[in-house]
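Below you'll find the structure, written out as structure tokens, and then a few comments.
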Amino acid sequence: MPNATPIIATALAMRALIDDTYPASFTKSISNVPVPGVAGIMQPRTWDLEDPNTEVGYLNANEVTSVIQHQGFRFWGNRTCSSDPRFAFETGVLTAQWLLDTIIEGCFPFVDQPLTPVLVRDIIESINAKLRATVSQGWLLGARCWYNDDLNNAQDLSQGMLWVDYDYTPVPTLENLKLNQRITDSYLIDFGKLIAQGV
């Protein structure tokens, strides 16, 4: 195939496109988004939406993202190379980076101010306000910030060093939707009523 683009370049371009078009792009992986401008795949792999026993299914089971053709060409897979399960998903890594950058930037006005209890309360409330807003937008499932006595001793505080703790729960990616199909006759119980409704 002439003028083939390396897949990594296409993946980076997709990440940039998602970052540019999704309001909370850190919650969306590159998986299952149509890739514009792709005419074909040099080494296509077998794939079936209903059957994981395909080449792409095997790669995904081993935490490797592949490319599929289904309603356009798409990356298929959400996993990173991290051995830490907290960062197994691309969106887990992106959320951690976005949240840290956001909190650090929000704390910039507090740096080099007098280290008083009022300042610490203001820092914590500022972070918690941002976390509440982020949760209310659906970008995190929950989060909070607090002062941790165990991390802040008198010597560190006297040297202008302050630690605040925060935790959060990122929005997980629905990677594996399971459908449980049942056949029932319960909808025949009111069969007469269904007939009457149509008259």
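What follows is calculated from the coordinates using simple rules that are stated; it is not laboratory data. Given the structure is predicted, the values throughout are model-derived calculations rather than measurements. Please note: Cβ atoms are built from the backbone with ideal geometry, for glycine as well, and neighbour counts cover all protein chains shown.
Within the stretch 53-60, identify whether any single residue is in a loop (DSSP other than H, G, I, E, B), in contact with a strand residue (DSSP E or B) (Cβ under 8 Å, 6 or more places away or on another chain) and at negative phi, and answer yes or no. The answer is yes, given that some residue of the stretch 53-60 is in a loop (DSSP other than H, G, I, E, B), in contact with a strand residue (DSSP E or B) (Cβ under 8 Å, 6 or more places away or on another chain) and at negative phi.
With respect to (1) in contact with a Pro (Cβ under 8 Å, 6 or more places away or on another chain); (2) more than 19 Å from ALA11 (Cα to Cα), the lone exception for ASN53 is condition (1).
Return yes or no: is ASP101 on the phi > 0 side of the Ramachandran plot and not hydroxyl-bearing (Ser, Thr, Tyr)? No; evaluated as a whole, the condition is false for this residue. Kindly establish whether ARG86 is charged (D, E, K, R), touching a Pro at 6+ places or on another chain (Cβ under 9 Å) and closer than 30 Å to ASP167 by Cβ. Taking the combined requirement at face value, the residue satisfies it.
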